[in-house]
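The values are calculated or read from the model by the stated rules, or taken from the named source; none is laboratory data. Computed from a predicted structure; not experimentally measured. Here the Cβ is made from the backbone with ideal geometry for all residues, glycine too, and neighbour counts use every protein chain on show.
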Amino acid sequence: MSTTETTASGVGPVEGGSYNVDNPAPYIEAPRQRTKKTPKSTRGNFEMAAWLFMRLSGVVLVVLVIGHLLIQLVLDGGVSKIGFAFVAGRWASPWWQVWDLLMLWLAMLHGCNGLRTVINDYAERANTRLWLKGLLYTATVWTILLGTLVIFTFDPNIR
Amino acid sequence: MATPTMEKADAAPEPGFADSPYITVTFRVRRFNSEVSAEATWEDFQLEIDPKERVLDGLHKIKWDLDGTLTFRRSCAHGICGSDAMRINGKNRLACKTLIKDINPEKPITVEPIKGLTVLKDLVVDMEPFFQAYRDVMPFLVTKDTNEPTRERLQSAEDRARFDDTTKCILCAACTSSCPVFWNDGQYFGPAAIVNAHRFIFDSRDEAGEQRLEILNDKDGVWRCRTTFNCTDACPRGIEVTKAIAEVKRALITRRF
């Protein structure tokens, strides 16, 4: 009896009331404790490569994307000049084909890796993680493949 | 000669009393007791305290005079042992190095346990995951020669200065428990472990730097750092934690390529 009185005065109103010295409430464990099931080593150079790729692709993308935006939206009449003929004219040159291809791949992989780290940091349950990453990778692969296909098989005489 | 002093004291006894350094401060403490409730609750304590005193003195006053059930860790109480890291007014600090006057005593001062670790009671958390990460980086000198050294291992002043900043760590966990990546899942090594790896990786006398870099090249190693600088802000010793992590990253890249 005396124990309940002292603890009750110490912590204020008792919620639930079913917990006591012999039956303490369970502790809220840290999100993922290191247990025996935790893999011993997840070392490898993938995370380092991913980290390095983010920095390098970021630098290249600044040039590619700002150049792209200038050409498409600002220079030489701005956005009103864009049409089928304009795109067809640009993709006739291998230079712009490579530019767009590089931009597509780098931007998609850069964004994909960025979102992967966001999911790793914010998804709390393993299942949520799995599904979000599955969705992300599917969307990325689909967009990259479709874009690459269009750049390589583009036919200006399509009717 | 002594008379003037006496006269002054006699003339104004009242102002001396009104100039009392004590002010009334509200401590809002996060309480948890698994033997009472599964929920943590806030509890307010009113204290008469000199604002030049520390938050730890306030907690002592509560524990000694108001409510002996309040539980918290402290050992040296002078910012060296690193026992009393807690979240004060939403920032990780040492209670023994935080003066009441510096954290706006007009408003209630909130005191919580550090985040990301299991709360055992009131302000006491289970530090085991933190120390596990610390042990994982092998925080001790490793040399290749197995014989007992016959003389001191000498080091130049420049070589010593290379890792001077990271020798200051007191393992209080203020940095690791301020890291949002660590909050999400306890798998990330955390700033403190990386700081202590840095201390040996850049020590010219140590010969296991490569091994430690390999450990930190883990999926949950240095590459999970998002450079939010929470750790640098939280460190009570003023260690440039994020810089140390960046130096380990750079060492990994330059030594691999």
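The condition of being in contact (Cβ under 8 Å) with a residue 24 or more places away in the chain and among the hydroxyl-bearing types (S, T, Y) holds for only one of A:T153, A:T143, that being A:T143. Are any residues in the range A:119-131 of a type outside the set (K, R), closer than 24 Å to B:G116 by Cα and part of a helix (DSSP H, G or I), and if so, which ones? Of everything in the range A:119-131, those that are of a type outside the set (K, R), closer than 24 Å to B:G116 by Cα and part of a helix (DSSP H, G or I) turn out to be A:I119, A:N120, A:D121, A:Y122, A:A126, A:N127, A:T128, A:L130.
Scanning the range B:53-104 for residues that are on the phi > 0 side of the Ramachandran plot and out of contact with any Leu (no Cβ under 8 Å at 6 or more places or on another chain) yields a count of 3. Look at the range B:30-41: where a residue is within 7 Å of another protein chain (Cβ to nearest Cβ) and within 18 Å of B:K63 (Cβ to Cβ) and a partner is among the β-branched types (V, I, T) and surrounded by 19 or more Cβ atoms within 10 Å (Cβ to Cβ), sitting 6+ places away or on another chain with Cβ atoms under 9 Å, you get B:R31/A:V11; B:N33/A:V11; B:V36/A:V11; B:T41/A:V11. I'd like the residue in the range B:108-138 that is free of Cβ contacts under 8 Å to residues at least 24 places away in the same chain and charged (D, E, K, R) and, out of all such residues, is farthest from the other protein chains (Cβ to nearest Cβ). Applying the filter and picking the extreme gives B:R135. The residue list B:K97, B:K115 contains one member that is in the same structural domain as B:V29 (by TED's automatic domain parsing), out of contact with any Gly (no Cβ under 9 Å at 6 or more places or on another chain) and either of a type in the set (D, E, K, R) or surrounded by fewer than 21 Cβ atoms within 10 Å (Cβ to Cβ) (or both), which is B:K115.
Scanning the range A:3-62 for residues that are at the interface with chain B (Cβ under 8 Å from one of its Cβ atoms), modelled with pLDDT of 75 or more and within 27 Å of A:N113 (Cβ to Cβ), we see that the one that is farthest from the chain's Cα centre (by Cα) is A:N45. Taking the conditions (1) among the polar types (S, T, N, Q); (2) more than 25 Å from the chain's Cα centre (by Cα); (3) under 30 Å from B:K97 (Cα atoms) in turn, B:T143 satisfies each one other than (3). If I filter the range B:107-135 down to residues being in contact with a strand residue (DSSP E or B) (Cβ under 9 Å, 6 or more places away or on another chain) and outside any loop (DSSP other than H, G, I, E, B), which single residue comes out as farthest from B:I201 (Cα to Cα)? By that ranking, first place goes to B:I109.
B:W42 meets all of the listed conditions (1) surrounded by fewer than 17 Cβ atoms within 10 Å (Cβ to Cβ); (2) assigned to a loop (DSSP other than H, G, I, E, B) but one, namely (2). Check the range B:173-194 and report whether any residue there is aromatic (F, W, Y) and more than 12 Å from every other protein chain (Cβ to nearest Cβ). Looking through the range B:173-194, none of the residues is aromatic (F, W, Y) and more than 12 Å from every other protein chain (Cβ to nearest Cβ). Once the range B:201-241 is narrowed to residues that are more than 12 Å from chain A (Cβ to nearest Cβ) and polar (S, T, N, Q), the residue that is surrounded by the fewest Cβ atoms within 10 Å (Cβ to Cβ) is B:S204. B:D44 fulfils the conditions (1) at pLDDT 95 or above; (2) within 29 Å of B:T232 (Cα to Cα) except for a single criterion, (2).
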